[in-house]
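The values are calculated or read from the model by the stated rules, or taken from the named source; none is laboratory data. Because the structure is a prediction, the values reported are computed rather than measured. Counting neighbours? That spans all protein chains shown, and the Cβs are built from the backbone with ideal geometry, glycine included. Areas reflect the complete protein model, heavy atoms only, side chains present, ligands, DNA and RNA absent. Shrake-Rupley method; radii C 1.70, N 1.55, O 1.52, S 1.80 Å.
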Amino acid sequence: MTTAVNTGGLTLDGVGKRFGRGTAAVTVLDDVAFDVPEGEFVAVVGPSGSGKTTLLNTVAGFVDPDVGQILVNGTPVTGPGPSRCVVFQEYAIFPWLTVRRNIEFGMRLRARRRPAAERRRIADRYLDLMGLTAFADALPKTLSGGMRQRVALARAYAVDPEILLMDEPFAALDAQTRETMQEALLEINQKERRTVLFVTHQVEEAIFLADRVVVMSARPARVQEIVPVPWRGPRHHELKTTPEFIELRRRIEAMLRGGHPTPEGQTA
Ligand SMILES: Nc1ncnc2c1ncn2[C@@H]1O[C@H](COP(=O)(O)OP(=O)(O)O)[C@@H](O)[C@H]1O
Ligand SMILES: [Mg+2]
């Protein structure tokens, strides 16, 4: 089966956002600018409360920036739309629908609606890719947290938006499940390359998943640095324990603390 896959580039251009008015006003995003070229996986890392969700929400179209603009394939974002699909931290799947129905549901809402038989075929494919085939007729309440996030990921890929947005999708999972899910995400994205913007406060997760890591400052969130991740090809968990990985992690963690990179072996 050949399925046309949507991808697209994302541009954030001088995005700023304040909440509240007068003396109570808080600047959350300050002149945030970076690109996510088509097919690239970019992770945004920043401390909790720094504005990552707000940033993602502006791209999703849930929050209007005060200044700047966001472009998807060169077209300005003016609100939520089918070019972007969000995977949230909470399991945003319908408890009354089976796994299969949850995956098919997203496709039914699309502007480019597909015939039922094709939706079924696409659902089969993503059930398989996410290891959910045996659970196709199960209800979400019978599944573990990790399995529910597999459903949310399968649904997002099946919807086939230009840009996938992920807001700490694995943050509520235990450490071991989180690792398994990171590998599952890398695997599906290897087979079905998409443009992904993934936000997390975990540096290790950001480096492990991404082609580039956008390091944000504490609030108001500004781009401190954009760090390329040097590994190409399939990644496995052993990568996290290599000296190169640990050194890169240490460098980014030092940036987040507002410190400076330290020489090998020294703590910041
Ligand atoms: N709708 C809102 N109204 C007022 N303040 C908000 C709103 N949304 C977020 N904030 C504030 O913006 C800051 C950044 O929040 P958020 O984007 O959720 O950060 P993160 O996802 O990095 O933890 C927080 O201080 C939060 O309280
Ligand atoms: Mg958040």
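Annotations for the structure displayed:
- Among (1) hydroxyl-bearing (S, T, Y); (2) within 16 Å of ligand 2 (Cβ to nearest atom); (3) crowded, with 17+ Cβ neighbours inside 10 Å - the single one S83 does not satisfy: (2)
- If you go through the stretch 9-27 and pick out every residue that is within 11 Å of ligand 1 (Cβ to nearest atom) and part of a loop (DSSP other than H, G, I, E, B), you end up with 3.
- Helices (runs of 4 or more DSSP H) (entirely within the stretch 100-215) containing at least 2 residues that are without any contact (Cβ under 8 Å) to a residue 40 or more places away in the chain: 116-129, 145-159, 175-191
- A206 meets each of the listed conditions (1) within 14 Å of the chain's Cα centre (by Cα); (2) open to solvent by 10 Å² or more (accessible area, probe 1.4 Å); (3) among the aliphatic types (A, V, I, L, M) apart from (2).
- Flag set for G51, criterion: within 16 Å of ligand 2 (Cβ to nearest atom), under 20 Å from V227 (Cβ atoms) and small (G, A, S).
- Of the criteria (1) more than 16 Å from ligand 2 (Cβ to nearest atom); (2) closer than 24 Å to L153 by Cα, which one R21 fails: (2)
- Search result, residues across the stretch 203-241 that are farther than 16 Å from Q182 by Cβ and among the polar types (S, T, N, Q): S217, Q224
- Single residue of the stretch 83-98 satisfying the filter (under 16 Å from the mean Cα position of the chain (by Cα) and assigned to a loop (DSSP other than H, G, I, E, B)) that is modelled with the lowest pLDDT: Y91
- Pairs linking a residue in the stretch 38-57 that is among the basic types (K, R) to a residue that is within 12 Å of ligand 2 (Cβ to nearest atom) and assigned to a strand (DSSP E or B), with Cβ atoms under 6 Å and 6 or more positions apart or on different chains, are K52/V44; K52/V199.
- Screening the stretch 86-113 for residues that are aliphatic (A, V, I, L, M), buried (at least 16 other Cβ atoms within 10 Å of the Cβ) and more than 16 Å from ligand 2 (Cβ to nearest atom) and picking the one that is farthest from G16 (Cα to Cα) gives V99.
- Failed criterion for R219 (all others in (1) over 30 Å from V77 (Cα atoms); (2) modelled with pLDDT under 95; (3) not in a helix (DSSP H, G or I) hold): (1)
- Extreme residue, surrounded by the most Cβ atoms within 10 Å (Cβ to Cβ), among residues of the stretch 39-63 that are more than 11 Å from ligand 1 (Cβ to nearest atom) and not in a helix (DSSP H, G or I): A43
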